[in-house]
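The values are calculated or read from the model by the stated rules, or taken from the named source; none is laboratory data. What you are looking at is a predicted structure, and each value in this text was computed from that prediction instead of being measured. Heads up, the Cβs are rebuilt from the backbone with ideal geometry, glycines too, and the neighbour counts pull from every protein chain shown. Surface accessibility is based on the protein's heavy atoms, side chains included, excluding ligands, DNA and RNA. Shrake-Rupley method; radii C 1.70, N 1.55, O 1.52, S 1.80 Å.
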Amino acid sequence: MRVKLIAALKIFICVIGIQVTAATFSVKPENIVIQLPVKANAAAKTGVQELQKHLQLITGVQVPVSSRKAQAGKYVFYVGIAPPDDKRRLQTEEACYRVTPQGAWLYGNDQFMKKHKTVLENALDWTYSRVGTMFAVYNFLERELKVRWPAPGDENIVFTPQNPLKLHSAELDWRPQLVNRLLWGTTFSPWYYKRTTSNKNIPEAFKLSDKQRQQKRLQEGLWQRRMRMGQSKIYSHRHSFTRWWKKYGKSHPEFFALNAEGKREPTSPKRASRIEMCVSNPGLKKEVVKQWLRRKKRSPYMNETINVCENDGARYCRCKECQKLDVRKPGEDFGFHMTDRYVYFANQILKLARKYDPNVQACMFAYMEYRFPPRKTRIDKDIVFSFVPKLWDSGAELQKLYSSWRKMGARNMLLRTNELHIDIALPMGFEKKIFDNFQVGVRNKIIGTRYDAIQSFWPSSGIVNYILARAFYDPAKNFAYWEQEYCNTYGAACSFIKEYFRYWREQVWNKRIYPASKKIAGDADNFLRQGLYWSHGKYYCKGDFDKTDAILRQAAGYRLDSRIRDRLKQLQLANRHARLLWRAMRAGGQYSPIGAGQQECQKNFKNIKALTEFRLKNKDKLDFEWGRLMRTENYSDGACSLLAQAVEGMTPFAQLPQMWRVAYKPVKAKPVWLNNDSTKKWKSASIISFSWRKIAPESELGKQLKKSPQCIWYAIKLPDKNKFGDKEVYLVFGGIRGRAVVYVNGKALQCERVRSGPLTVRIDKNLKKINNKLCVKVFRRSGETSGIWRPVWLFTK
């Protein structure tokens, strides 16, 4: 990247409406014309539209656009046209501009390998399109006119009005340091949004129409281009074998992993896309190369590299030949370290593929049980790794990890992280940690980024998206620089916005969440955001929201232009939502037993309802993608929204105690009751913490569970029937994971498979006058937490 100022002019001249003093000059907007090529491509056309839009915002004048030669007396912006003396062949994604008193040229390397229905869709397709001309326009707007884009949408463009337009003579030739610069924007993609539209737990009011979704998708895609996101080369990093079972399951079962039961098959038909491969099988390697050659013939551009990324799962092949490839330490469990076998697989694929293309590269993940470097197997120089580190790894741990990979031969690493998935629309202050992790990668010469993914909760976490995108553009600048740039977009309120975000970072992330992050994630199947939901608001307090609300009120006291004030209102609204979300999370984990606690029970449920009511009232005011947020919450009913829906029209009566009698019993065991002698030996435990995940594999119970399937049994007393009068009575489990059978006084009332949300059972017809007993059996979910893990409520109707 270089910026060259043209030598200052030493005389004052007046030409075609331009006032020139030294290298600085002014142009009247009515004298400006934008010219594009006669045969303009999508990058030039979109670049022209963007330049025209921004000049109108800045000057208040709509500048005309033409493909004809401009008449004398006009100042011309040539978009997609190089100056006459620049005959170079530009490098991939290269973007240039030259500003002089005679005119301005904005041009770059453009390539289009696929045609879409609209010009804009062509320009935003970062897989098949390179748009150097658009990048030149954005570089000019950003560097010369100080425009900023803190969030998607034209309403979020930050600019300084000026008329006439003040310019200075300058040149820029920008080439990206990172080959790939990607913050995935999956939220509004058709294939991804189907998960929202098909989710019956999300109220229709929070689902977007196709037209609304498409508008959001284009807005977010345009923001990504404004941030200069794109890729100079296609590295095929995706799970490679997701469709193989359907295609080869019957004809070539030997391609697939031999599981612990001695079979080569998926755990269930629904999980066929997750089946692992038998990477030692010679036929599998030949078929991988054969398929790649077919695809390469049809689409050379998309198949420069060969994809050997394993499916997402953990049922690795146990055949003798695959296990010979592993380098296990004495006493180490199978499946703990799998990298050597997968590096061997990629090495062998490259040997075969080089017979057809000596320059081919192979793409694989450094992920899960193969996140750590191989212990013995050397890495071929042409393997490109998509590296997936953990957010909670310290800087020293990450540095050691990179160094160890380099030591074993790794040369090409893309930083492909899931760190953004921690976002649940609660302010956390994780932006500096995510940035610092990126910087460790930069110091270790990563060739690109593929972050998964923008969560689209812009008012609460747009700062991390902005800072990352700007760092991808210029990796040399530090966090403080980008933080200041982001906060400056709030004008006179800048210092308070910085104080607001720093509060969450210094008081909540640094002191509470990050020090406990490994434990939080470990308690929730290694998903940090789920662990935060399951912690029931433990890492926040009322004072956090009181303090940050006060900071934002001070910011609102300044004189701000309407655009900045609207963004500040969004931030205030997001902070109010965060307070209500925290209250609902907290209420979903609090116990208020029958009796004195009934008033507290009513208060808890009121907090749960308040969140739903706020969302309905402000769903069109707050720029959150509610569908994505609610899908995230549905996984564990983190915000208790499913509980609120399940008890619509009911009245909370009380909550059952936290401590139950709990035991592990065989699947076929009959229900037993508290008055039986056998239950006296059961453990008294909190249902919030008693689950399968708590069992150590090396313990006696852990060894027993490997031999035979078990269930968790829960038992507790229920109130007498006269407590409820003649009302209908419902037992509502705030959260269950796994298949549950509910017994009241010996009768099985309901058997249901629950992902993790609430379960509602009507029980009034089965209650006796006194001595009512409840027993719940929850079947074990293989490899995941199972059991009751949230308060159990009684509702009446």
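Condition check: open to solvent by 40 Å² or more (accessible area, probe 1.4 Å), of a type in the set (S, T, N, Q) and under 26 Å from Phe112 (Cβ atoms). Does Gln49 satisfy that? Spelling it out, Gln49 is indeed open to solvent by 40 Å² or more (accessible area, probe 1.4 Å), of a type in the set (S, T, N, Q) and under 26 Å from Phe112 (Cβ atoms). Tell me, please, whether a residue that is open to solvent by less than 30 Å² (accessible area, probe 1.4 Å) and under 22 Å from Glu633 (Cα atoms) can be found in the range 559-571. So far as the range 559-571 goes, yes, one or more of its residues are open to solvent by less than 30 Å² (accessible area, probe 1.4 Å) and under 22 Å from Glu633 (Cα atoms). Of all residues in the range 74-89, those being open to solvent by 30 Å² or more (accessible area, probe 1.4 Å) and hydrophobic (A, V, I, L, M, F, W, C) number 2. Here is the figure for the range 100-134: residues that are closer than 16 Å to Glu220 by Cα and either buried (at least 23 other Cβ atoms within 10 Å of the Cβ) or in contact with a Gly (Cβ under 6 Å, 6 or more places away or on another chain) (or both) total 4. Among residues belonging to the range 584-603 that are open to solvent by less than 70 Å² (accessible area, probe 1.4 Å), at pLDDT 85 or above and in contact with a Phe, Trp or Tyr (Cβ under 9 Å, 6 or more places away or on another chain), point out the one that is farthest from Ser460 (Cα to Cα). Among those that are open to solvent by less than 70 Å² (accessible area, probe 1.4 Å), at pLDDT 85 or above and in contact with a Phe, Trp or Tyr (Cβ under 9 Å, 6 or more places away or on another chain), it is Ala587.
Can you tell me which residue is modelled with the lowest pLDDT among those in the range 257-282 that are part of a helix (DSSP H, G or I) and open to solvent by 30 Å² or more (accessible area, probe 1.4 Å)?
The selected residue is Lys270.
Please find, within the range 168-214, the residue that is most open to solvent (accessible area, probe 1.4 Å) out of those that are in contact with a strand residue (DSSP E or B) (Cβ under 6 Å, 6 or more places away or on another chain), closer than 30 Å to Thr24 by Cβ and not charged (D, E, K, R). So the residue we want is His168.
Can you say whether Cys322 is within 22 Å of Lys247 (Cα to Cα) and either touching a Lys or Arg at 6+ places or on another chain (Cβ under 9 Å) or surrounded by fewer than 20 Cβ atoms within 10 Å (Cβ to Cβ) (or both), as far as the supplied structure shows? Answer is no for this residue. Taken together, the residues in the range 507-522 that are exposed (fewer than 15 other Cβ atoms within 10 Å of the Cβ) and among the aliphatic types (A, V, I, L, M) amount to 0. Inside the range 671-688, residues that are at pLDDT 70 or above and either surrounded by fewer than 17 Cβ atoms within 10 Å (Cβ to Cβ) or in a strand (DSSP E or B) (or both) make up a count of 5.
Filtering the range 366-384 down to residues that are over 18 Å from the mean Cα position of the chain (by Cα) and closer than 12 Å to Thr417 by Cα, which residue is surrounded by the most Cβ atoms within 10 Å (Cβ to Cβ)?
Going through the range 366-384, the residues over 18 Å from the mean Cα position of the chain (by Cα) turn out to be 366, 369-384.
Remaining after also requiring closer than 12 Å to Thr417 by Cα: 366, 371.
Details: Ala366: 23, Arg371: 18.
Checking each candidate, the answer is Ala366.
Can you find even one residue in the range 596-616 that is acidic (Asp, Glu), without any contact (Cβ under 8 Å) to a residue 40 or more places away in the chain and not in a loop (DSSP other than H, G, I, E, B)? For the range 596-616, residues acidic (Asp, Glu), without any contact (Cβ under 8 Å) to a residue 40 or more places away in the chain and not in a loop (DSSP other than H, G, I, E, B): present.
When the criteria are applied in full, Tyr490 meets the requirement of being touching a Leu at 6+ places or on another chain (Cβ under 7 Å), crowded, with 18+ Cβ neighbours inside 10 Å and not charged (D, E, K, R).
The residue of the range 462-474 that is surrounded by the fewest Cβ atoms within 10 Å (Cβ to Cβ), among those that are within 16 Å of Ala574 (Cβ to Cβ) and in contact with a helix residue (DSSP H, G or I) (Cβ under 8 Å, 6 or more places away or on another chain), is Tyr466. Comparison of Leu415, Leu468 shows that the only residue that is in contact (Cβ under 8 Å) with a residue 40 or more places away in the chain and under 25 Å from Ala521 (Cα atoms) is Leu468. Checked against the criterion of being more than 30 Å from Pro475 (Cα to Cα) and in a helix (DSSP H, G or I), the candidates Lys194, Lys250 yield just one match: Lys194.
Out of curiosity, is Lys477 part of a loop (DSSP other than H, G, I, E, B) and either more than 28 Å from Lys216 (Cα to Cα) or open to solvent by 10 Å² or more (accessible area, probe 1.4 Å) (or both)? Yes, satisfied.
Quick grid of which residues meet (1) open to solvent by 40 Å² or more (accessible area, probe 1.4 Å); (2) over 23 Å from Ser786 (Cβ atoms); (3) part of a strand (DSSP E or B); (4) at pLDDT 90 or above:
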| residue | (1), (2), (3), (4) |
| --- | --- |
| Phe690 | no, no, no, no |
| Lys706 | yes, no, no, no |
| Asp726 | yes, yes, no, yes |
| Val732 | no, no, yes, yes |
| Gly738 | no, no, yes, no |
| Gly757 | no, no, no, no |
| Lys769 | yes, yes, no, yes |
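Between Arg315, Arg298, the distinction of being over 21 Å from Pro389 (Cα atoms) and either at pLDDT 95 or above or not hydroxyl-bearing (Ser, Thr, Tyr) (or both) belongs to Arg298 only.
Residues in the range 523-557 that are over 27 Å from Lys569 (Cα atoms) and open to solvent by less than 30 Å² (accessible area, probe 1.4 Å): Ala524, Asp525, Leu528, Gln530, Gly531, Ser535, His536.
With respect to the conditions (1) modelled with pLDDT of 95 or more; (2) closer than 29 Å to Asn307 by Cβ, Ser236 falls short on a single one, namely (1). Only one of the listed residues (Gly335, Gly331, Gly313) is surrounded by fewer than 19 Cβ atoms within 10 Å (Cβ to Cβ) and touching a Phe, Trp or Tyr at 6+ places or on another chain (Cβ under 6 Å). That residue is Gly335. Within the set Ala574, Ala610, the sole residue that is under 25 Å from Ser535 (Cβ atoms), modelled with pLDDT of 90 or more and in contact with a strand residue (DSSP E or B) (Cβ under 8 Å, 6 or more places away or on another chain) turns out to be Ala574. Could you run through the range 161-190 and say how many residues are within 13 Å of Leu55 (Cβ to Cβ) and assigned to a loop (DSSP other than H, G, I, E, B)? Here the count works out to 4. Any residue in the range 452-463 that is part of a helix (DSSP H, G or I) and polar (S, T, N, Q)? Yes, the range 452-463 contains a residue that is part of a helix (DSSP H, G or I) and polar (S, T, N, Q).
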